């Protein structure tokens, strides 16, 4: 008798047949004696269709009205799922984000959940009902306005609800069987990860693994919600994401997997004065222009004479703003050149206890060298090493590193069942 | 500088092009200096599509979840209309029924509006914005649940908002140029009614004229909201529905128009004991079975011997229930026979001061006689005479009466531009 929060993405409820499959899965769990709360995304392409209509009408939609528009998709899917479950004889009650007590901070389009008051959800399940909650949305109680949480917001809704209800597990249903050691479309022999820490999952998600939303994992880690990422198309066990500290203390480094990301551009600032304050000035200019910075590498040796080069990777979408603000400050900062390279990608190797084992980076660089792949930039954290390489060699890099670290499975395990939801 | 509430039905916002036309119309009014509040229905067939999906999943949808589902349609249209108006440089703010302060009585699918607290709408227009409100929905404040108002509910939303805001006029936009003296599809020479009382409009709406929802007209009459029914596809003046008493006191009877209705069946109860209490017992049985009764005619002469016949017209949908409950009470009431005729239709002639002018009924009956049309039943009110005739002669009857009362226009005025919204 567990309390389970299940989240189903858009591909799991793409049409009415898929909706019925989800209903059957929910009912099976309910009939087994578990208490089930379901968070559901909009059906299939609904959100994209709403975005398309809005885009045809205007390039500058008011944020408040966009959120009202987009919140309609989950209202439809949650209501229909409740209908399908009721039809099978099990009581199901649907709740909007507002009704489920999801309180948000008023940031349209990318709101954060500031609190959950799930009284009505708790009452519904206490009375024997399955509760169905609209993902991706909440209510700003200061203004009584609807906020959406941005892409991946339904994952966050599920984890926040699980935390506030004290759920035993939050199951994230998707169209693959869990997290894999690499993207199975690039590495067919990628292995399913059976168990992984939330910290490693965060690193994977932050560096290109698209299966889980970063904020959802952060929420799960902070509130100690065990996550189980699994397929809505099969009954296989998926990947468990644990949040307990003791499991993180490992002797030998355990390589969990490889993430990759093509969405960053590389920017090199040539000839920055190597004096205190100049780098800080650059980063405050970039922050002021809303530029997110991923990797930063500063290399004194390559420039010399009291000058240094700074290389960064930034999201593609921020490249124009970054170039503009830096070009405007070229003289002030004495920058001799700005070099921009959009044709790069990042490979990130993630695993516990990596930093204390220098042979991990040695093996990584050797694998790339053997494969004839140049490294542009390197950065690392406690549990991750990232390398920036040429975009057109990124897939080769992922495969080479996957093999070098003995991650290949004996047979092909990964099955991708559909598209990806949010 | 008037305060105008405009209501646009589903056919007026059927697609994005139509949405832009509505936006242009709203903006024109706003720029002319008027304060504009817009109530909008779901786009085109959205509601029917949602109903179809629900119907594929279940025959017995829970009422609460159906209302959550159906309310999504208006959320989409109100948001998109706000986007289109904003794009043209005029500020527009969208409100759900709940946000606009429409409070309902908790009757899912056919809720009544029990109050309107339009603070946010009033604030938005005070600040120079156009307010866009989702029609057809409100919030049950006792339970925080969404209610829909049933078909025609957007009209009622508009009138209720107009009443609570003290609007100068409530404009109901539709796909014809107003109310006509008869259905232009049956009588091509039907004339547009320029001005009519709310009482007459009520009689027309109650007896088959589909252009306005009954509850909306009742609301307008009770709260003295002037209505202007007009086309969203043209700039022509439509029909003004006035609610002031003095205009109703007329010398000569003014025939406003002819409504017709095919949706009723006729039921004749043969041989009811003509004693006090027996008729009352029949009507209490029918009321208990949820049967709505339209026309009732009791005729002592046709049966005789202390027995009487009672004929009624009832909505098609109630016919089975009525027959069942009466068949079960046949012996108790001494009924000798139940006769049922689904092939009837009702013609209603509506006009002020009709009862005090007996030549009106004489002319009506003569017109039908000349056209060779049999009359099954007759009933009348202060401002209406209705006759029940054979279904297949109903169109002929409407045309004959229309001509007899000199209602024909010299040329064809009516243009039907699209489908009908709600």
Selected residue (criterion: surrounded by the fewest Cβ atoms within 10 Å (Cβ to Cβ)) from residues of the stretch B:83-92 that are within 21 Å of residue B:18 (Cβ to Cβ), touching a strand residue (DSSP E or B) at 6+ places or on another chain (Cβ under 9 Å) and without any contact (Cβ under 8 Å) to a residue 40 or more places away in the chain:
B:86
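Taking the residues in the stretch B:128-165 that are part of a loop (DSSP other than H, G, I, E, B) and touching a helix residue (DSSP H, G or I) at 6+ places or on another chain (Cβ under 7 Å) as candidates, determine which candidate is farthest from residue B:229 (Cα to Cα).
For the stretch B:128-165, the residue satisfying everything is B:149.
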Residue list for the stretch B:100-130, filter: closer than 26 Å to residue A:77 by Cβ and crowded, with 23+ Cβ neighbours inside 10 Å
B:100, B:102, B:104, B:111
State yes or no: is residue B:32 without any contact (Cβ under 8 Å) to a residue 40 or more places away in the chain, more than 29 Å from residue B:143 (Cα to Cα) and out of contact with any strand residue (DSSP E or B) (no Cβ under 9 Å at 6 or more places or on another chain)?
yes
Here is a list of conditions, (1) more than 13 Å from the chain's Cα centre (by Cα); (2) under 30 Å from residue A:378 (Cα atoms); (3) modelled with pLDDT under 90, and residue A:206 meets all of them except one; can you say which number that is?
(1)
Determine whether residue A:173 is closer than 26 Å to residue A:233 by Cβ, touching a residue at least 24 places away in the same chain (Cβ under 8 Å) and either within 14 Å of another protein chain (Cβ to nearest Cβ) or in contact with a strand residue (DSSP E or B) (Cβ under 8 Å, 6 or more places away or on another chain) (or both).
yes
For the structure I just gave you, tell me whether residue A:185 is farther than 30 Å from residue A:65 by Cα, without any contact (Cβ under 8 Å) to a residue 24 or more places away in the chain and surrounded by fewer than 20 Cβ atoms within 10 Å (Cβ to Cβ).
no
So residue A:120, is it under 29 Å from residue B:60 (Cα atoms), more than 7 Å from chain B (Cβ to nearest Cβ) and part of a helix (DSSP H, G or I):
yes
Does the stretch A:361-380 include one or more residues that are out of contact with any strand residue (DSSP E or B) (no Cβ under 9 Å at 6 or more places or on another chain), surrounded by fewer than 14 Cβ atoms within 10 Å (Cβ to Cβ) and not in a helix (DSSP H, G or I)?
yes
Tell me the residue from A:77, A:112 that is more than 27 Å from residue A:34 (Cα to Cα) and in contact (Cβ under 8 Å) with a residue 60 or more places away in the chain, please.
A:112
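Given the structure, is residue A:317 buried (at least 20 other Cβ atoms within 10 Å of the Cβ) and not in a loop (DSSP other than H, G, I, E, B)?
Details: buried (at least 20 other Cβ atoms within 10 Å of the Cβ): no; not in a loop (DSSP other than H, G, I, E, B): yes.
Criteria not met by residue A:317.
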Members of the stretch A:236-249 found to be outside any strand (DSSP E or B) and modelled with pLDDT of 90 or more, listed by number
A:236, A:237, A:238
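The values are calculated or read from the model by the stated rules, or taken from the named source; none is laboratory data. These numbers come from a predicted model, not from an experiment. When we count neighbours, we look across all protein chains shown, and the Cβ atoms used for this are built from the backbone with ideal geometry, even at glycine.
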